[in-house]
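Trainee: Provided herewith is a single structure, encoded as structure tokens, for subsequent inquiry.
The values are calculated or read from the model by the stated rules, or taken from the named source; none is laboratory data. The shown structure was predicted, so the numbers you read here are calculated from the model rather than taken from an experiment. Positions of Cβ are generated from backbone atoms using ideal geometry, with glycine treated the same way; all protein chains shown enter the neighbour counts.
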Amino acid sequence: MFDLKKFEFWFIVGSQDLYGDETLRQVGEDAQTMAQELARDPLLPGTLVLKPVAITPGVIHRLFAEANAAENCAGIITWMHTFSPSKMWIQGLAVNRKPLLHLHTQFNRDIPWDSIDMDFMNLNQSAHGDREHGYIAARMRLNRKVVAGFWRDPDLRLRIGVWMRACAARHECLRSVVVRFGDNMREVAVTEGDKVEAQIRFGWQVNTWGIGDLALRYAKISGGDAEKLLKEYGELYEFAPPLKSPGPGRNAVLEQAKIELAIKGLLEEEGARAFTTTFQDLHGLPQLPGLACQRLMEQGYGFGAEGDWKQSMLVHAAKVMASGLKGGVSFMEDYTYHMEPGREAALGAHMLEICPSISWERPKMEVHPLGIGGKADPARLVFDAAPGPAVLATLVDLGNRFRMIVNEVETIKIEHKMPKLPVARALWKPLPNLRDSAESWIIAGGTHHSVYSDALTAGYFRDWAAMSSIEYVHIGKGTDPQRLQDELCWADAYWNQK
């Protein structure tokens, strides 16, 4: 979906000029070996770019300044092969504007017990150098990711890969646009927010286009273009019997095809990667954009219903992070609970707009009435989400800061047919359980809208939140609501002084 190889990650290896040319030559060779091996590993989705060994303050400052100006540089990885005095790094780190990962490793895995001498110790002293490097980052209060372990271990590489994906999502969002068709749903609080602060914090431009702009585009879409898209639908989805031949149902699908083409055309023209709609502002459109929103999410666009621009941009960020991974990402809403003792679960859905990337079966195209919005019967894809582990993430504006809340869940198979609920849906057991999860989510101020993903884990969102300098709240297996409430009080003290 997204080419993550276009994002560069500069690998800066630290040393100093006191060890002599032979040591520096070996440092350079080891760094090159590491970079070449890491670059070939599919666990690292970005492009690793090895830079000259950093041995003086001038070299270090220049590398960071060049990284800031590099269009495709999405992050910097530092590693101290030898001891590298950290005062040399102050000017470089002070100007850095890229996400930073401190890799704490060493080139050799084992101590050569029989042959180890001081020359070996001087060359392979990451345990010394990285602690010096870690001190200056802590002293400067730098926001960074620390990953420790042997550089050939798959688990370490996976952690770097998670961070790379979060960096790619952040970098992608820095110049992105959210198109709001109309305003958010009237009187709803959680879909509001500070759009100026969002642009400062995340890079997103959040602007409004009148629904009339979309309606004009919709009116200009030809029947031939809609028919061509209808053929694509037929290859990807199962059509309900009434839609397989000409008639009102098939016409309803064609209307959604026109809406999809109209929205996509405007998004492409504006360079936008996310959008919102609201059923309170549909003037000039025949239907609520249901199928159209599902389809555009499937193509990687962010979406938020009822004008929820915060979840819209978070959907897109998650789409970038999940690119190439098994599973999907979708806009989601908590709808209703199953409170049978021992089998408690939450049913998530929306009126229509759930992305088919999370389906575990071929989605079915159907047309049904929708008792809201006052428009014609809309087409939509109907399916159940795939069982397995997943996460729910939401972004809320607390007035003085943004907070991300992530809840780990276990999606389960829906055993009962729901013939009168023809929408895409997911049924999950939230961790640690429904009661404690719901209490914790509500205590933290979590919205009813979220981003659902069975491709990502909480760690991806944590890294993205950290590099965006926003608060992160995790709800999982060991969460206790009362303890969380205390932690949120402590967090208020921290964030209120920033």
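Trainee: When only residues in the stretch 87-108 that are part of a loop (DSSP other than H, G, I, E, B) and out of contact with any Gly (no Cβ under 9 Å at 6 or more places or on another chain) count, which is farthest from Q26 (Cα to Cα)?
Mentor: Looking at the filtered set, the residue picked out is R97.
Trainee: Pairs under 9 Å by beta carbon, first residue more than 30 Å from R403 (Cα to Cα) in the stretch 283-311, partner in a loop (DSSP other than H, G, I, E, B) and among the β-branched types (V, I, T), six or more apart or different chains?
Mentor: Close Cβ pairs (under 9 Å, with a partner that is in a loop (DSSP other than H, G, I, E, B) and among the β-branched types (V, I, T)) amount to L288/T277; L288/I372.
Trainee: Which of the residues belonging to the stretch 190-243 are surrounded by 13 or more Cβ atoms within 10 Å (Cβ to Cβ), more than 29 Å from the chain's Cα centre (by Cα) and outside any helix (DSSP H, G or I)?
Mentor: I221, E238, F239, A240
Trainee: Take the conditions within 30 Å of V177 (Cα to Cα), touching a helix residue (DSSP H, G or I) at 6+ places or on another chain (Cβ under 7 Å) and in a loop (DSSP other than H, G, I, E, B) and apply them to S357. Does it pass?
Mentor: It is false that S357 is within 30 Å of V177 (Cα to Cα), touching a helix residue (DSSP H, G or I) at 6+ places or on another chain (Cβ under 7 Å) and in a loop (DSSP other than H, G, I, E, B).
Trainee: Cβ-Cβ below 8 Å, separation at least six or inter-chain, first residue in the stretch 101-126 and surrounded by fewer than 13 Cβ atoms within 10 Å (Cβ to Cβ), second of a type in the set (K, R): which pairs?
Mentor: Hits for this filter: R109/R152.
Trainee: Out of the stretch 397-429, which residues are crowded, with 19+ Cβ neighbours inside 10 Å and either out of contact with any Phe, Trp or Tyr (no Cβ under 7 Å at 6 or more places or on another chain) or not assigned by TED's automatic domain parsing to the domain that holds L230 (or both)?
Mentor: Answer for the stretch 397-429, where residues must be crowded, with 19+ Cβ neighbours inside 10 Å and either out of contact with any Phe, Trp or Tyr (no Cβ under 7 Å at 6 or more places or on another chain) or not assigned by TED's automatic domain parsing to the domain that holds L230 (or both): D397, F402, R403, E408, V423, R425, L427, W428.
Trainee: Could you list all residues from the stretch 1-35 that are hydrophobic (A, V, I, L, M, F, W, C), surrounded by fewer than 18 Cβ atoms within 10 Å (Cβ to Cβ) and free of Cβ contacts under 8 Å to residues at least 40 places away in the same chain?
Mentor: Those that are hydrophobic (A, V, I, L, M, F, W, C), surrounded by fewer than 18 Cβ atoms within 10 Å (Cβ to Cβ) and free of Cβ contacts under 8 Å to residues at least 40 places away in the same chain: L18, A35.
Trainee: Within the group A455, A466, which residue is in a loop (DSSP other than H, G, I, E, B), modelled with pLDDT of 95 or more and either out of contact with any Asp or Glu (no Cβ under 8 Å at 6 or more places or on another chain) or of a type in the set (F, W, Y) (or both)?
Mentor: A455
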